[in-house]
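Student: What follows is a single structure, and I will ask about it in a moment.
The values are calculated or read from the model by the stated rules, or taken from the named source; none is laboratory data. This one's a predicted model, so the numbers in the text were calculated from it and none came from an experiment. Counting neighbours? That spans all protein chains shown, and the Cβs are built from the backbone with ideal geometry, glycine included.
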Amino acid sequence: MRGMRFGIRDILWLTLVIALILGWSLWWLSLPAAEATANGEITVGGAPLADGRICLCSESGQIIGSTVARGKFSIPQIPAGKYAVTIDGAAVPAKYGNKSSGLTVAVRQGRNQFNFELRS
């Protein structure tokens, strides 16, 4: 049996395959991480908040928010991180309407569920 010989065509094909695999791998790794979503419920004194607004304020100053309807909210595409929470609405005590409300959340990649029970 003779030794195998590789021609220039074989070397070029092998180089092309390796380059494609490497390029695809680098492209895949360069994609941004999937962002998170946040859903939840807000109750005031045990009853769902009829309508209002919730805002998540990041440490860098970015504000992301959503409306609240029948006590439920949903916020898509949130970068992971720590947020101060503010909640406004007709029945919501004023102390929850600013960043010093004491409400905070840590958003992680994927789906996040946050429920808030507000009291006077």
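Student: So which strands (runs of 3 or more DSSP E) stay within the stretch 7-117 end to end and still have 3 or more residues that are among the polar types (S, T, N, Q)? Working first, answer last.
Tutor: Working: elements: 36-44, 51-58, 63-69, 72-78, 81-89, 104-107.
Where strands (runs of 3 or more DSSP E) fall fully within the stretch 7-117 and carry at least 3 residues being among the polar types (S, T, N, Q), they are 36-44.
Student: Kindly provide the set of residues from the stretch 88-120 that are hydrophobic (A, V, I, L, M, F, W, C) and more than 13 Å from ILE42 (Cβ to Cβ), ordered by number.
Tutor: Applying the first criterion (hydrophobic (A, V, I, L, M, F, W, C)) to the stretch 88-120 yields 90-92, 94, 103, 105-107, 114, 116, 118.
ALA94, ALA106, VAL107 - these are the residues of the stretch 88-120 that are hydrophobic (A, V, I, L, M, F, W, C) and more than 13 Å from ILE42 (Cβ to Cβ).
Student: Can GLY102 be described as modelled with pLDDT under 95, buried (at least 16 other Cβ atoms within 10 Å of the Cβ) and in contact with a Lys or Arg (Cβ under 9 Å, 6 or more places away or on another chain)? So that I can check it myself, show each step before the final result.
Tutor: Values: modelled with pLDDT under 95: yes; buried (at least 16 other Cβ atoms within 10 Å of the Cβ): no; in contact with a Lys or Arg (Cβ under 9 Å, 6 or more places away or on another chain): yes.
For GLY102, the condition - modelled with pLDDT under 95, buried (at least 16 other Cβ atoms within 10 Å of the Cβ) and in contact with a Lys or Arg (Cβ under 9 Å, 6 or more places away or on another chain) - is not met.
Student: Still on this structure, please answer the following. Hey, among ALA91, ALA84, which residue is of a type in the set (A, V, I, L, M), surrounded by 10 or more Cβ atoms within 10 Å (Cβ to Cβ), over 13 Å from the mean Cα position of the chain (by Cα) and within 11 Å of CYS55 (Cα to Cα)?
Tutor: Working: ALA91 fails: within 11 Å of CYS55 (Cα to Cα).
Going through ALA91, ALA84 in turn, just one is of a type in the set (A, V, I, L, M), surrounded by 10 or more Cβ atoms within 10 Å (Cβ to Cβ), over 13 Å from the mean Cα position of the chain (by Cα) and within 11 Å of CYS55 (Cα to Cα): ALA84.
Student: Taking the stretch 96-119 as the region of interest, how many residues are in contact (Cβ under 8 Å) with a residue 24 or more places away in the chain and out of contact with any helix residue (DSSP H, G or I) (no Cβ under 9 Å at 6 or more places or on another chain)?
Tutor: Going through the stretch 96-119, the residues in contact (Cβ under 8 Å) with a residue 24 or more places away in the chain turn out to be 99, 105-119.
With the extra rule that they be out of contact with any helix residue (DSSP H, G or I) (no Cβ under 9 Å at 6 or more places or on another chain), the set shrinks to 99, 105-115, 117, 119.
Final tally of qualifying residues: 14.
Student: Please enumerate the residues belonging to the stretch 61-87 that are at pLDDT 90 or above and either of a type in the set (S, T, N, Q) or under 16 Å from GLY45 (Cβ atoms) (or both).
Tutor: GLN62, SER66, THR67, VAL68, ARG70, GLY71, SER74, THR86, ILE87
Student: Quick check on the stretch 7-27. Is at least one of its residues within 23 Å of the chain's Cα centre (by Cα) and of a type in the set (Lys, Arg)? So that I can check it myself, show each step before the final result.
Tutor: We begin by selecting, within the stretch 7-27, every residue within 23 Å of the chain's Cα centre (by Cα); these are 27.
Retained after the next criterion (residues that are of a type in the set (Lys, Arg)): none.
Within the stretch 7-27, none of the residues are within 23 Å of the chain's Cα centre (by Cα) and of a type in the set (Lys, Arg).
Student: Return the residue satisfying two criteria in turn: it lies in the stretch 28-39 and is closer than 30 Å to PHE114 by Cα and without any contact (Cβ under 8 Å) to a residue 24 or more places away in the chain, and of such residues it is nearest to the chain's Cα centre (by Cα). Reasoning before the result, please.
Tutor: Let us first name the residues in the stretch 28-39 that are closer than 30 Å to PHE114 by Cα, namely 31-39.
Going one step further and asking which of them are without any contact (Cβ under 8 Å) to a residue 24 or more places away in the chain, we end up with 31-32.
Details: LEU31: 15, PRO32: 12 Å.
Here the answer is PRO32.
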